[in-house]
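Here the structure comes first, spelled out in structure tokens, and everything after it is commentary.
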Amino acid sequence: MPSGPHLCSDNIECVEADGRDASSLAGVFEGASAVVCCTGTTAFPSARWKADDNGSNNPKATDLVGATNLIKAAATQAPALRRYALLTSAGVERYDSFGPYAMMNAFGVLECKAESERYLREQSGLPYTIVRPCRL
């Protein structure tokens, strides 16, 4: 459940919600002029993947379903949105190649991030920026 907005600085309002649960996103983007989405999970199974009260934290749940839910909510709730920034990962375009990216994608994290990028680019209609850092 969202905990309600609070000011993080003079110009930034922070809102907590669970992207895996589309119903928890009701109203969180209303009036937003920009969104920075930095959600994600680990590339390899860990304790973080275990289910909590809201379900799983695996790549599909967080990096695909959660990210796509957030994009959809922003598109419907913030018609004047000037920018949607999505943080994904280096290697999303090479997840099926030999080498380090194939290993990073062993459990599907890069493939899920790539799919959420595709949704943002091809279906959301939002002005966007995609950031693909490595070694965070």
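The values are calculated or read from the model by the stated rules, or taken from the named source; none is laboratory data. Please read all numbers here as calculations on a predicted model, not as lab measurements. FYI the Cβ positions are ideal-geometry reconstructions off the backbone, even for glycines, and counts take in every protein chain you see. Calculation scope for accessible area: heavy atoms of the full protein, side chains included, ligands and nucleic acids excluded. Shrake-Rupley method; radii C 1.70, N 1.55, O 1.52, S 1.80 Å.
Structure data summary
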{"item": "Condition met for CYS37 (over 17 Å from SER124 (Cβ atoms), touching a strand residue (DSSP E or B) at 6+ places or on another chain (Cβ under 7 Å) and open to solvent by less than 80 Å² (accessible area, probe 1.4 Å))", "result": "no"}
{"item": "Residue ID - surrounded by the fewest Cβ atoms within 10 Å (Cβ to Cβ), chosen from residues in region 57-88 that are among the small types (Gly, Ala, Ser) and in contact with a helix residue (DSSP H, G or I) (Cβ under 7 Å, 6 or more places away or on another chain)", "result": "ALA73"}
{"item": "Subset of region 1-30 (residues that are open to solvent by 80 Å² or more (accessible area, probe 1.4 Å), modelled with pLDDT of 90 or more and either closer than 25 Å to LEU110 by Cα or part of a loop (DSSP other than H, G, I, E, B) (or both))", "result": "GLU30"}
{"item": "Top-ranked residue in region 40-56 [being hydroxyl-bearing (Ser, Thr, Tyr) and within 14 Å of the chain's Cα centre (by Cα); ranked as surrounded by the fewest Cβ atoms within 10 Å (Cβ to Cβ)]", "result": "THR42"}
{"item": "Restricting region 112-136 to residues that are assigned to a helix (DSSP H, G or I) and in contact with a helix residue (DSSP H, G or I) (Cβ under 8 Å, 6 or more places away or on another chain), the residue that is surrounded by the fewest Cβ atoms within 10 Å (Cβ to Cβ)", "result": "TYR119"}
{"item": "Subset of region 58-82 [assigned to a helix (DSSP H, G or I) and within 18 Å of GLY27 (Cα to Cα)]", "result": "GLY66, ALA67, THR68, ASN69, LEU70, ILE71, LYS72, ALA73, ALA74, ALA75, THR76, GLN77"}
{"item": "Restricting region 80-109 to residues that are under 13 Å from THR39 (Cα atoms) and of a type in the set (A, V, I, L, M, F, W, C), the residue that is farthest from the chain's Cα centre (by Cα)", "result": "VAL109"}
{"item": "Residue in region 89-108 that is of a type in the set (Ser, Thr, Tyr), out of contact with any Ser or Thr (no Cβ under 9 Å at 6 or more places or on another chain) and open to solvent by less than 30 Å² (accessible area, probe 1.4 Å) present", "result": "yes"}
{"item": "Any pair with Cβ under 7 angstrom, 6 or more apart, that starts in region 86-114 at a residue that is touching a residue at least 60 places away in the same chain (Cβ under 8 Å) and ends at one that is β-branched (Val, Ile, Thr)", "result": "VAL109/THR41; LEU110/VAL92; LYS113/THR88; LYS113/VAL92"}
